[in-house]
Amino acid sequence: MKIGLQVRTFFMIVMIIAVSSCNQIRNITDVFVKPTARELYAREFEKQDSLSYNKWHKEFLASKNDSLQIRLPYVEQGAYFKNRLVVYTYNLFLEEGVIFNIIINNEILGTRCFIDLLKLNEDGGLKDVMHNNYGENNLKFTIVESGVYKVLILPELKSQGLFSVEIYNTPSFGFPVLGKGNSAVQSFWGAARDGGARSHEGIDIFAERKTPVVAAVAGRVSSTGERGLGGKQVWLKAGLFGESLYYAHLDTILVSTGNKVEISDTLGLVGNTGNARTTAPHLHFGIYKTGKGAINPLPFVKVTERLSYKPLIGMAERSKISSKVANIRNAPTVSGTILGEIKRNDTVSLLGYTENWAHVRLKDGKGAFIYKGLISEID
């Protein structure tokens with residue numbers, strides 16, 4: 001009996017050491033290969049109900065095939081239901097230079113959501129780009145490559161209560177003309193120049209003569225002078241490996257080559273020197289990237305307004321079609337592709353509302369949008 005007890009004690013000690021060692025190895029690995037919020041969440045089920053988690057994860061994998069399309073800014077409000085598994089997934093086009101933002105507000109404090117941002121490759125595959133931090137219901141990421149992206153939002157298991165999700169862009173640079181904004185941009189990237197012999201490699205921002213032109217980023221002045229089509233000009237380098245910003249047609253240059261500047265520092269004054277002598281005073285603003293040349297600067301500086309909304313006071317889990325027939329679309333707009341139609345009294349799972357549209361899930365599990373006025377909630 002005494003020997004048997006010693007053997008059991010020995011094996012218990014070995015198991016404790018093994019578990020402790022595994023945890024230490026995992027902690028060390030996490031420092032070098034940072035796990036996603038979803039991967040950390042999965043660890044909570046290693047000694048619990050892994051079957052529920054497996055169903056939840058399977059729903060996440062299946063949602064990657066969904067192809068609903070949205071444009072930013074976008075707001076959706078809805079409700080989680082305790083026994084319903086659902087992933088909110090959207091495709092959208094994002095341009096280089098914007099900061100992509102998601103903010104999720106949950107009625108019940110402490111409800112966790114898991115956000116994945118993926119990029120659609122040319123071969124149709126998906127590339128992981130960014131994930132939210134564990135315990136945070138938001139994500140912010142600067143887009144460095146234009147293209148189609150996919151967003152997936154997973155509420156944790158057994159979530160319930162109302163929610164809202166805001167998805168919008170902010171510019172990664174400041175605006176380069178003091179006191180001006182989007183409306184001052186009156187000539188855009190790609191516009192024809194010299195009768196079509198060349199295209200516009202920047203944007204023109206119109207303002208009164210001698211309006212301050214400011215640094216859109218912190219950096220160092222790499223060049224100044226008066227030459228060529230750009231007249232009086234300043235080149236600003238955004239960090240050692242960052243973009244080169246081009247300010248042209250200035251009336252006056254107020255910095256020198258080598259000067260270090262902070263965002264909003266004055267570089268010069270708006271004018272119409274160079275080949276702009278016959279046009280109203282304006283700043284030609286361009287951005288150049290190493291190995292790529294000129295790129296469209298507008299997304300870097302354009303301010304996009306966030307949508308305002310009134311919070312929901314409640315939402316049913318299901319709805320039915322109240323009209324004779326209703327088109328289902330892949331986007332919350334009448335220009336969205338029609339995926340099919342459903343008839344009066346057909347029921348759908350209701351996921352949320354965005355402006356005048358309902359986000360629903362059909363019986364085959366696919367997502368769709370239906371005009372809000374064509375459905376009624378089922379109590």
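General remarks:
- Segment 345-360 residues that are closer than 19 Å to residue 72 by Cβ and outside any strand (DSSP E or B), paired with ones that are of a type in the set (Ser, Thr, Tyr) and modelled with pLDDT of 95 or more (beta carbon under 8 Å, 6 or more apart): 356/371
- Top-ranked residue in segment 322-332 [being without any contact (Cβ under 8 Å) to a residue 60 or more places away in the chain and not in a strand (DSSP E or B); ranked as surrounded by the fewest Cβ atoms within 10 Å (Cβ to Cβ)]: 324
- Residue 314 being part of a loop (DSSP other than H, G, I, E, B) and either open to solvent by 30 Å² or more (accessible area, probe 1.4 Å) or among the basic types (Lys, Arg) (or both): yes
- Boolean, residue 176 is at pLDDT 95 or above, of a type outside the set (Gly, Ala, Ser), under 24 Å from residue 238 (Cβ atoms) and open to solvent by less than 10 Å² (accessible area, probe 1.4 Å): yes
- Some residue of segment 194-213 being closer than 19 Å to residue 296 by Cα, without any contact (Cβ under 8 Å) to a residue 60 or more places away in the chain, of a type in the set (Gly, Ala, Ser) and part of a loop (DSSP other than H, G, I, E, B): yes
- Within segment 236-252, the set of residues being surrounded by fewer than 20 Cβ atoms within 10 Å (Cβ to Cβ), assigned to a strand (DSSP E or B) and either among the hydrophobic types (A, V, I, L, M, F, W, C) or in contact (Cβ under 8 Å) with a residue 24 or more places away in the chain (or both) comprises 244, 251, 252.
- Selection from segment 131-153 of residues that are within 11 Å of the chain's Cα centre (by Cα) and within 19 Å of residue 302 (Cα to Cα): 140, 141, 142, 143
- Wholly within segment 68-170, strands (runs of 3 or more DSSP E) carrying at least 3 residues that are surrounded by 14 or more Cβ atoms within 10 Å (Cβ to Cβ) and either in contact with a helix residue (DSSP H, G or I) (Cβ under 8 Å, 6 or more places away or on another chain) or of a type in the set (D, E, K, R) (or both): 113-120, 147-155
- Of the candidates 275, 296, the single residue that is in contact (Cβ under 8 Å) with a residue 40 or more places away in the chain, more than 30 Å from residue 162 (Cα to Cα) and under 30 Å from the mean Cα position of the chain (by Cα) is 296.
The values are calculated or read from the model by the stated rules, or taken from the named source; none is laboratory data. Worth saying up front: this structure is predicted, and the values here are computed from it rather than measured. Glycine gets a Cβ as well: all are built from the backbone with ideal geometry, and neighbour counts include every protein chain shown. Accessible surface areas use protein heavy atoms only, side chains included; no ligands, DNA or RNA. Shrake-Rupley method; radii C 1.70, N 1.55, O 1.52, S 1.80 Å.
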